[in-house]
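Written below as structure tokens is the structure these notes are about.
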Amino acid sequence: MQCEICGAEIRGKPICITIDNSELQVCQKCAPYGKPVDKRTPVSRKVSPVVRTVTRTENRPKKDFFDILKDELLDNYDQIIRDAREAKGWSQEDLAENIKEKVSLIKKIERNEIVPEDSVRKKLEHALNVKLTERVEGSEQEVSHMKKDMTLGDIVKIKRK
């Protein structure tokens, strides 16, 4: 067997050392370069984590998911964007450069092929000085008549072939 450091032939039993978490079989001369490996390494016992009990206040009102939906995109957003862009005398390329988006995105938005994401919508509103959303009252929402514990499974009808 050869020493894994110097390559010399090891006579007798090799010494096992660790250098930078690597275990090497070395000769007597190279053994001082590392720390000797103990044959029996103590294994630490895993300690079960302490479970903390968190007291919750039951008086806290539960948030309804639909409370978040306050602003809704206008139906004619494409026409509003096109009119505002043309009023400023900008081409689609100019608008895209101004809001740092691709021209193809502006074209698709103006053709009503895609709905702009919130980040793009905000950029468009800022650049063109227009409002593309309207405030929706909670009473107008269709979901207001649903029970709070209703799930998607209560609404979906499954067709079987």
Filter region 10-46 down to the residues that are part of a strand (DSSP E or B) and within 42 Å of the chain's Cα centre (by Cα), then identify the one that is modelled with the lowest pLDDT. S22
I want to confirm something. Restricting to region 137-151 and keeping residues that are more than 29 Å from the chain's Cα centre (by Cα) and either surrounded by 12 or more Cβ atoms within 10 Å (Cβ to Cβ) or in a loop (DSSP other than H, G, I, E, B) (or both), which single residue is modelled with the lowest pLDDT? Q141
Counting only residues in region 115-136 that are surrounded by 14 or more Cβ atoms within 10 Å (Cβ to Cβ) and β-branched (V, I, T), the one farthest from Y77 (Cα to Cα) is identified as V120
Between residues in region 10-21 that are on the phi < 0 side of the Ramachandran plot and residues that are surrounded by 10 or more Cβ atoms within 10 Å (Cβ to Cβ) and of a type in the set (D, E, K, R), which pairs lie under 8 Å by C-beta distance while being six or more apart or on different chains? C16/E23; I17/E23; I17/K35; T18/K35; I19/K35
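The values are calculated or read from the model by the stated rules, or taken from the named source; none is laboratory data. No experiment lies behind these values; they were computed from the predicted model shown. Because the Cβ atoms are built from the backbone with ideal geometry, glycine has one as well, and the counts that use them run over all protein chains shown.
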